[in-house]
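What follows is a single structure, written as structure tokens, with notes after it.
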Amino acid sequence: MTDDALRMAQEEAAAAVETARLAQQAAEAALKRAQDAAAAATAHAAAATTAAIPAPAAAQVTPVAPPVAAPGASGPLDTDAVAAIRAGYDFAGAALQMGALVNGEADPAVQIRIPLAMTNRHGLVAGATGTGKTKTLQVLAEQLSAAGVPVFAADIKGDLSGIASAGESNEKLLSRTQGIGQTWESVASPTEYFSLGGAGKGIPIRATVTGFGSLLMSKVLGLNDTQESSLGLVFHYADKAGLPLLDLSDLRAVLSYLASAEGKSELIELGGISAQTIGVILRELITFADQGADVFFGETEIDTAEFLRTTADGKGIVSLLEVPGVADKPALYSTFLMWLLADLYNDLPEVGDLDKPKLVFFFDEAHLLFRDASKDFLRSITQTVRLIRSKGVGIFFVTQTPKDVPSEVLAQLGSRIQHQLRAFTPDDAKSLRATVSTYPKSGYDLAEVLQNLATGEAVVTVMNEKGAPSPVAWTRLRAPQGSMSPTPDAQIDASVTASPLLPKYGAIIDRESAREILTAKLNQASEAAAAAAAAEASAKAEREAAKTQAAAEKQQAKAQADYEKAQAKAQREADADAERARRASGTRTTATSAPKVLADVLGSKATQSILTSVVSGIFGTRRRR
């Protein structure tokens, strides 16, 4: 066996031993609770029996109250620890009520709370599936809204929409709420529904490609560092060239232009981006658009100030991003939420510490945000989380385990609400130990407690009003006052239709942008090239015509010369014929008779026909007269 194999075997064995130890501790704790409960039940029965025995009529007996178990007698905490927790959550200012301390049973006298002013110090809601994270988010959002704090939350599964509908009472609900000291009322919170680009129910949220930025675009496209840098240069080029990048077609047009013959020189000026890199980005962009992402980019771009609104009576509006249709596109969903945060950070002024935040942002399924994230993207998230606090914005990450959130981000979170964790595998056991190690020292065996939390219970620690961590508290959480079931679709549709934001953001605006500008530029170039080609063709035709004309004139001159030569020859032959005729006839002619004979010969139809045939045979045409 190799050293690596031996080491791995030892690690697995150690993890298995740890899992067994934790299971044994859990069993022992359950047995102890059962024994304590049985003892308490026996004592209560005995007290009830004693109280039921009638006193003698003659005796005046002072009534004695039944025995009450000392605080902490049936739970892991002693009296001093309970008192410390009570004092640790006794805040002077406004606070969000989380629930009652659990020490064996819920103790309504010890309420666990989060200072409202400290919610901009961010927080984490974590726990396994089905442990009540979404309901905890709803409890927080309801109280923030009631306190006048706007809330933005992503509703991936659709079950958070119940916050807009009043809850329904039942015996089980009232029994639970009374047991933790909660005075439950049926309340609906003011809610505005949004959707990414209109994919789903709600006011469409859109962003321009320029507003989205090259860094976030690189993240959703899955580009490597080199490609990410190249895309940044393309954005820079578009900005300098006055090419607005509004939707994905604009970015594709710019990339295609730079990869074309017309844009080759400009591509070289960008710093030597290779055509291959442009090709890779184009292919990834086309794939991204095929996934339906193109509907999320364009105008009108949402003004993030819309998420900071309150109602006329001072309640914060809960903005729900309905995204069930894009749950299978985690990169797009998480990056869009990150863009919203970045835009808020850029737009909001510095305000420092306030009595209550301007907005609290909930990242549900936060692990989607950090999956396969580049170093630059993580650095951007960490910086945003660190600095946006001073803008009056709080962020709560909602996920399954704390390890889903990078340590750099976890270090910025002031409040932690940890629901049940499960340790079914060695990796789970390792994760559990890591989680326990991050909590302040407490009277709990947290490794045991975290595995035995019931649904709707959590281990809580928050940042108090002085900025110090509060004591760790096992808490039975409050119940939402809104509906625990999703709001009916018809009610959501009616709310969206009646929204004052729909006329502003509902329609898609397609103004002139990079695609139209480059298309016009290429068309102009094409027209100019066609005009140049036509001019060249015309010039060439003129040159050919001139050449043909010159050749024709040359041939004509030659024909004229041949004609004159033939005419001279004919004259000589006519003279000779005339001379022979004179000699033969023996008659004397005058000098003037010869020209007449020649004129008669040349002017005859036969001679004209002969000469015409000669010219036609030579030049293919008749001589112009």
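The values are calculated or read from the model by the stated rules, or taken from the named source; none is laboratory data. Nothing here was measured: the structure is a model prediction, and the numbers come from that model. With ideal geometry, Cβ positions are generated from the backbone for all residues, glycine too; neighbour counts draw on all protein chains shown. Just the protein is used for accessible areas: all its heavy atoms, side chains included, with ligands, DNA and RNA removed. Shrake-Rupley method; radii C 1.70, N 1.55, O 1.52, S 1.80 Å.
Points to keep in mind about this one:
- Of the helices (runs of 4 or more DSSP H) lying entirely inside segment 147-263, those carrying at least 1 residues that are free of Cβ contacts under 8 Å to residues at least 12 places away in the same chain are 171-179, 225-240.
- Given (1) surrounded by 24 or more Cβ atoms within 10 Å (Cβ to Cβ); (2) in a helix (DSSP H, G or I), index of the condition Lys135 fails: (1)
- If you check Ala65, Ala48, Ala41, Ala109 for being open to solvent by less than 90 Å² (accessible area, probe 1.4 Å), out of contact with any Asp or Glu (no Cβ under 7 Å at 6 or more places or on another chain) and at pLDDT 80 or above, only one passes: Ala109.
- Qualifying residue in segment 169-179 (condition: at pLDDT 90 or above and surrounded by 22 or more Cβ atoms within 10 Å (Cβ to Cβ)): no
- Count of segment 92-127 residues which are on the phi > 0 side of the Ramachandran plot and touching a helix residue (DSSP H, G or I) at 6+ places or on another chain (Cβ under 8 Å): 3
- Meets criteria (among the acidic types (Asp, Glu) and crowded, with 16+ Cβ neighbours inside 10 Å) for Glu192: yes
- Residue match in segment 97-107 (condition: in a loop (DSSP other than H, G, I, E, B) and either farther than 22 Å from Leu359 by Cβ or in contact with a strand residue (DSSP E or B) (Cβ under 7 Å, 6 or more places away or on another chain) (or both)): yes
- In this structure, Val360 does not qualify as touching a strand residue (DSSP E or B) at 6+ places or on another chain (Cβ under 6 Å), among the hydrophobic types (A, V, I, L, M, F, W, C) and either over 17 Å from Ile114 (Cβ atoms) or open to solvent by 10 Å² or more (accessible area, probe 1.4 Å) (or both).
- Residues within segment 120-132 that are surrounded by fewer than 21 Cβ atoms within 10 Å (Cβ to Cβ) and not in a helix (DSSP H, G or I), tallied: 3
- Test for Ala479: is it in a loop (DSSP other than H, G, I, E, B) and either aliphatic (A, V, I, L, M) or in contact with a Lys or Arg (Cβ under 7 Å, 6 or more places away or on another chain) (or both): yes
- Residues satisfying the stated conditions in segment 242-272, i.e. over 19 Å from Ile508 (Cα atoms) and touching a Gly at 6+ places or on another chain (Cβ under 9 Å): Val254, Leu255, Ser256, Tyr257, Ala259
- Only residues that are surrounded by 13 or more Cβ atoms within 10 Å (Cβ to Cβ) and either free of Cβ contacts under 8 Å to residues at least 12 places away in the same chain or of a type outside the set (A, V, I, L, M) (or both) were counted in segment 475-487, giving 9.
Table: residues versus (1) touching a residue at least 24 places away in the same chain (Cβ under 8 Å); (2) within 29 Å of Lys466 (Cβ to Cβ); (3) open to solvent by less than 30 Å² (accessible area, probe 1.4 Å); (4) assigned to a strand (DSSP E or B).
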| position | (1), (2), (3), (4) |
| --- | --- |
| Asp294 | yes, no, no, no |
| Glu301 | yes, no, no, no |
| Tyr333 | yes, no, yes, no |
| Trp339 | yes, no, yes, no |
| Asp372 | yes, no, no, no |
| Ile381 | yes, yes, yes, no |
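- If the condition is being open to solvent by less than 60 Å² (accessible area, probe 1.4 Å), out of contact with any helix residue (DSSP H, G or I) (no Cβ under 6 Å at 6 or more places or on another chain) and in a helix (DSSP H, G or I), then segment 433-450 contributes Ala434, Val449, Leu450.
- Per-region count, segment 383-426, residues surrounded by fewer than 17 Cβ atoms within 10 Å (Cβ to Cβ), assigned to a helix (DSSP H, G or I) and free of Cβ contacts under 8 Å to residues at least 40 places away in the same chain: 5
- Conditions (1) open to solvent by 60 Å² or more (accessible area, probe 1.4 Å); (2) closer than 30 Å to Ser260 by Cβ; (3) without any contact (Cβ under 8 Å) to a residue 12 or more places away in the chain; (4) under 27 Å from the mean Cα position of the chain (by Cα); number of the one not met by Pro500: (2)
- Qualifying positions in segment 173-213 - touching a Pro at 6+ places or on another chain (Cβ under 8 Å) and on the phi > 0 side of the Ramachandran plot: Gly181, Gly197, Gly198, Gly200
- Checking Thr191, Thr183 one by one, the residue that is over 24 Å from Arg113 (Cβ atoms) and of a type in the set (Ser, Thr, Tyr) is Thr191 and no other.
- Candidate set from segment 451-474 (those that are of a type in the set (A, V, I, L, M, F, W, C), open to solvent by 30 Å² or more (accessible area, probe 1.4 Å) and part of a loop (DSSP other than H, G, I, E, B)); member that is farthest from Pro115 (Cα to Cα): Ala454
- Within segment 238-265, the set of residues being open to solvent by 40 Å² or more (accessible area, probe 1.4 Å) and over 23 Å from Ile205 (Cβ atoms) comprises Asp239, Lys240, Ala241, Gly242, Ser256, Ala259, Ala261, Glu262, Lys264, Ser265.
- Options Ala153, Ala141, Ala164, Ala117; residue that is farther than 24 Å from Met338 by Cα, crowded, with 16+ Cβ neighbours inside 10 Å and among the small types (Gly, Ala, Ser): Ala164
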